[in-house]
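Peer 1: To start, I am sharing the structure in question, which I have written as structure tokens.
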Amino acid sequence: MTATEVLPEPAAGTSIASGEQALAIDAAAAAESAESTAAPAAAAMRPRNPLIGLRRHLRAIRMVFNALLLLALLYTITIGKALLIPLVLAAFIGLALNPIVAFGIRLRIPRWFTAFVLMVGLIAGIGTGVGLLAQPAIGWFHGAPAAIKSFVPKLRSVTKPLEAANRATQTLVSGTSRAQVPQATPVSITAWDVVSTAPKVLAAVLSVMLLVFFFLIYGDTMLRRLVEITPSFAYKRHAVTIVRGIQTEISRYLLTALLINASLGAITAGMLWLYKVPDPLLWGSVAMFANFIPYVGAFVTTTLLAVVCMLYASDANLEVFLPALTFAGITAVEGNLVTPLIQGASMRLSPIAILLWLLVWGWLWGIPGALLAVPMLTCTKLICERVRGWEWFAVIVSR
């Protein structure tokens with residue numbers, strides 16, 4: 001082919017067909033774009049399912065009602081503490097003594113007789129303890145200011161450099177070296193204070209003793225009545241298994257905790273007697289009751305023993321703190337070796353859960369709430385482990 005030759009032109013039918021194809025492609029693209037823009041509008045115009053919004057509103061209302069119910073429950077617990085504290089304490093004592101009553105029944109001893117003997121022994125023990133500890137406690141409160149005044153001169157050799165620095169600082173700041181010493185307010189307990197509080201204490205002790213006595217006699221009857229109201233035989237059998245398991249575990253925990261703390265108090269009293277610390281029975285009892293509060297009780301008792309030993313020491317030296325350090329070692333062995341070995345891993349609680357529980361019940365009920373907080377938390381954990389749907393709480397508070 002030469003340069004002068006001309007290429008043949010395309011036929012007319014071919015150009016028309018290609019143009020029609022282009023128009024068809026443009027029309028399809030426009031239709032797709034129209035459908036894509038119309039889809040959100042159609043979805044917006046589509047009516048929503050009213051059940052979804054209703055469920056959200058019901059969920060929000062349920063949360064509000066649960067919060068109001070929790071606040072009402074806390075308020076009721078706070079204003080009813082005069083009734084609830086003796087009731088809870090009596091329930092714990094009854095559960096702790098229930099294995100002894102059950103053992104008496106196996107020996108064919110009537111339940112009422114075993115409960116009566118236990119109550120007589122409990123009242124005699126409480127009366128003896130109060131008689132032995134009341135006088136040293138009152139004497140300590142009366143003698144504490146004088147002991148503090150007599151201990152201050154013993155610290156002169158230690159506090160002289162601090163006092164000199166304090167006087168020099170005051171001289172530089174205010175131009176005078178005169179320091180004002182605040183006057184200590186004497187602490188005293190009069191006979192009228194004891195007489196005025198005696199009826200309340202006696203009424204509380206009497207109510208607790210009566211509740212414990214009736215719990216020991218009629219506790220199993222009440223449990224049988226609760227089981228009888230369940231609808232079917234399968235539920236009755238399941239309820240009996242759960243109730244018996246909970247009762248056994250709680251009774252074992254309370255009895256072992258009471259024995260461990262009593263042993264700790266006896267060992268502490270013997271140790272303080274060997275160190276010739278005044279009133280060893282008083283401080284041993286303080287250690288026993290404070291040990292119901294894990295971590296906090298041991299720290300408070302150690303600090304209290306250190307202060308007491310400093311007040312009654314003849315000289316200010318490091319040997320003064322030997323009783324407090326010995327008690328710290330005893331509580332470390334008890335808390336990390338003896339108690340886990342006797343009670344088992346199922347009774348161990350998270351330290352965070354214990355501290356939060358102590359804060360809540362100490363805020364609601366004061367010192368009685370702090371003493372009852374850990375037994376209540378342990379019993380709640382044991383109950384939640386056996387109640388369907390509440391296993392999550394037992395997992396959270398476990399260690």
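The values are calculated or read from the model by the stated rules, or taken from the named source; none is laboratory data. This one's a predicted model, so the numbers in the text were calculated from it and none came from an experiment. Please note: Cβ atoms are built from the backbone with ideal geometry, for glycine as well, and neighbour counts cover all protein chains shown. Remember, those area values only see protein heavy atoms, side chains included, never the ligands or the DNA or RNA. Shrake-Rupley method; radii C 1.70, N 1.55, O 1.52, S 1.80 Å.
Peer 1: Name the long-range amide H neighbours of Ser398: under 5 Å, sequence gap of 5 or more, or other chain; modelled H, no Pro or chain starts.
Peer 2: Ser350
Peer 1: Right, here's the next one. Compute the distance from the alpha-carbon center of region 197-230 to that of region 69-113, in whole Å.
Peer 2: Going from one Cα centre to the other spans 6 Å.
Peer 1: Between Val395 and Lys236, what is the label-to-label distance in nm when each label sits 7 Å out along the Cα-to-Cβ direction?
Peer 2: Inter-label distance under the simple model: 3.4 nm.
Peer 1: Based on the mean of other Cβ atoms within 10 Å per residue, sort peptides 276-287, 79-90 so the most packed one is first.
Peer 2: 276-287, 79-90
Peer 1: Hey, another quick one. How would you rank 125-137, 247-259, 55-67, 356-368, highest first, on the average number of other Cβ atoms within 10 Å across their residues?
Peer 2: So the order, starting with the most tightly packed, is 247-259, 356-368, 125-137, 55-67.
Peer 1: What full-extension length gain, to one decimal in nm, is calculated for Ser350 and Ala203 as 0.36 nm per residue of separation minus the Cα-Cα distance?
Peer 2: 49.3 nm
Peer 1: Using label points projected 7 Å from each Cα along Cα→Cβ, tell me how many nm separate Ile100 and Leu122, to one decimal.
Peer 2: Label at Ile100, label at Leu122, 0.9 nm between them.
Peer 1: What nm distance separates the two modelled labels at Thr78 and Leu359, each placed 7 Å from Cα along Cα→Cβ?
Peer 2: With each label placed 7 Å out from Cα toward Cβ, I get 1.6 nm.
Peer 1: Follow-up. Where in region 83-107 does the label zone of Ala262 land, with the point 7 angstrom along Cα→C-beta and an amide N cut-off under 15 Å?
Peer 2: Taking a point 7 Å out along Cα→Cβ of Ala262, the residues of region 83-107 whose backbone N falls under 15 Å are 93-101.
Peer 1: So how exposed is Phe213, as accessible area in Å² (1.4 Å probe, rounded to 10)?
Peer 2: It works out to around 50 Å².
Peer 1: Right, something else. Pull out the extension gain between Leu255 and Phe141, defined as 0.36 nm times the separation in residues minus the alpha carbon to alpha carbon distance; nm, one decimal. Please list the in-between numbers first.
Peer 2: Values: separation 114, 0.36 × 114 = 41.04 nm, distance 3.25 nm.
The span from Leu255 to Phe141 would gain 37.8 nm if fully extended.
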